[in-house]
Amino acid sequence: MESGVLTQTSPRNLTRSLAAAIVVIAVFALSNAATPFYVQWQKAWAFSSGTLTIVFATYIAGLIGALLFAGRIADEKGRKVVLIPGLVLALASSVIFLVANNVLALIIARLFAGISVGAIVTAGMAAVVDLAPEQRKRTASLIASSAMVLGAGLGPLLAGAVSRYSSTPQPLVFGLLVITSAIALVVAWTLPFPAPASVKKSRWHFPAPPKENWREVSWGIATFAPGITATSFVLSLGPSVLSKVLGQTDALLAGLIACCMFLAATGVQFALAKISTRNHLLLSSSAALVSTGLLIMTVSNAGSPVVFFVSALLAGVAQGLGQLAGLTLIATNVPISHRAESNASLNIAGYIPAALLPVLTGYLSDGAGLPVAVATFAVILSVAAVIALVAVRISSQVLTAKAESDNEPASA
């Protein structure tokens, strides 16, 4: 065992890795469950599109705030020290959503959910890799990445389906999420996480991978950021595009599109698991570019629900492949004692534009109209995707031998 890594207290196996993935799924189901309700709440409580995106972005603010500290704490103190408080906040968020009847309650619930997700994307997703056998790191990266996007898709599908067939969907949806959050808390409490190694403590610093791994992590950031920004738009303003631009007010349709987006993110990871990480990076940027083009078409005269649906699917593909590439580069290059902090740096860099651009788009739509705001968003994101595609293609001609020589099938 390499010096400086965590001391293993129990045998590693994929069963424990999958149990940790259940925790990831549960929290990410909560993270997006409110999506089909946004337009309904906006009408019932009479708030603007700008306020709507603030509610959405509060979640990302909480997430980024947690990421600033959670990764380092998880590496120094152990995964459970971060996971348990995060899951307690997930439970509290579910309860607040259950009884919410104003914008302030939504903001608090979203804030708690964001902090919880920050704990999960650092300690939880690192734990999925930690608990897997050493020779199955690529498989564990796939499990962690697919658990995140699968959970993110199940939440809005559940909410949309219940909204279609129930007159009281809010208590039903979030009552169920109270139960799943409690189950996740029990699972995390009982899992035998590795004990932390003795790591020399230093003053707080912005989360970052080790200097020797900056290049690999930057490739993941360049492709993951446009992808997750595209999916964040679908989650925050997608229901508004459907209702105000395309005349589709069915909450189930909004939830179904969000779910299919994340199912696409999950499916493409399994379908293309055996191709190189470099190709994952390049395909992610390409998918983001096509997705933004279709989004522009959606808000033009040629727009239709089908075009928006395909745009959302490609946004999911972009996030899924960019996320898988980033996590794989971390899992196969970064030592375990810095893995959670590296996960934090990857996600901070991705979620900052995922918060800012939809919020700015929401406020721009209040003044210039939704079609103009959405088109502006799409142009900005397409430029970012082109830059990432060119930069990564040039700089990653040869990935590290360790990352590219690992030909183990990336499946459970």
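The values are calculated or read from the model by the stated rules, or taken from the named source; none is laboratory data. Just so it is clear, the structure is predicted and the values come from calculations on it, not from any experiment. Positions of Cβ are backbone-derived with ideal geometry, glycine not excepted, and every protein chain shown enters the neighbour counts. SASA here: full protein model, heavy atoms, side chains in, ligands and nucleic acids out. Shrake-Rupley method; radii C 1.70, N 1.55, O 1.52, S 1.80 Å.
Descriptive notes on the structure:
- Scanning the range 19-46 for residues that are open to solvent by less than 30 Å² (accessible area, probe 1.4 Å) and outside any helix (DSSP H, G or I) returns Ala33, Ala34.
Yes/no matrix, rows are residues, columns are (1) part of a helix (DSSP H, G or I); (2) in contact with a helix residue (DSSP H, G or I) (Cβ under 9 Å, 6 or more places away or on another chain); (3) open to solvent by less than 30 Å² (accessible area, probe 1.4 Å); (4) not polar (S, T, N, Q):
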residue	(1), (2), (3), (4)
Ile257	yes, yes, yes, yes
Phe262	yes, yes, yes, yes
Val306	yes, no, no, yes
Val310	yes, yes, no, yes
Gly326	yes, yes, yes, yes
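So that you can scan it fast, the table gives a plain yes or no per residue for (1) under 18 Å from Pro36 (Cβ atoms); (2) open to solvent by 20 Å² or more (accessible area, probe 1.4 Å):
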position: Asp130; (1), (2): no, no
position: Gln135; (1), (2): no, yes
position: Ile143; (1), (2): no, no
position: Ser146; (1), (2): no, no
position: Leu154; (1), (2): yes, yes
position: Tyr165; (1), (2): yes, yes
position: Leu176; (1), (2): yes, yes
position: Thr180; (1), (2): yes, yes
position: Trp189; (1), (2): no, yes
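- Residue in the range 58-65 that is in contact with a helix residue (DSSP H, G or I) (Cβ under 6 Å, 6 or more places away or on another chain), of a type in the set (S, T, N, Q) and closer than 30 Å to Arg164 by Cα present: yes
- Test: Ala66 is touching a residue at least 40 places away in the same chain (Cβ under 8 Å) and either open to solvent by less than 10 Å² (accessible area, probe 1.4 Å) or under 25 Å from Pro239 (Cβ atoms) (or both): no
- Here is the figure for the range 328-357: residues that are farther than 16 Å from Val128 by Cα and open to solvent by less than 20 Å² (accessible area, probe 1.4 Å) total 8.
- Contacts under 7 angstrom Cβ, first residue in the range 11-31 being within 17 Å of Thr122 (Cβ to Cβ), partner open to solvent by 50 Å² or more (accessible area, probe 1.4 Å) and of a type outside the set (S, T, N, Q), 6 or more apart: Ile25/Leu150; Ala26/Ile183
- Among the candidates Leu91, Leu106, Leu87, Leu83, the residue that is under 23 Å from Ser236 (Cβ atoms) and part of a helix (DSSP H, G or I) is uniquely Leu106.
- Residue-level analysis places Val103 outside the set of residues that are open to solvent by less than 10 Å² (accessible area, probe 1.4 Å), touching a residue at least 40 places away in the same chain (Cβ under 8 Å) and not charged (D, E, K, R).
- Number of the exception - Ser181 against (1) within 18 Å of Ala344 (Cα to Cα); (2) under 20 Å from the mean Cα position of the chain (by Cα): (1)
- Within the range 122-167, considering residues that are among the polar types (S, T, N, Q) and assigned to a helix (DSSP H, G or I), the one nearest to Pro192 (Cα to Cα): Thr122
- Filter result (of a type outside the set (Gly, Ala, Ser), at pLDDT 85 or above and either open to solvent by 10 Å² or more (accessible area, probe 1.4 Å) or over 17 Å from the mean Cα position of the chain (by Cα) (or both)) within the range 236-250: Pro239, Val241, Leu242, Lys244, Val245, Leu246, Gln248
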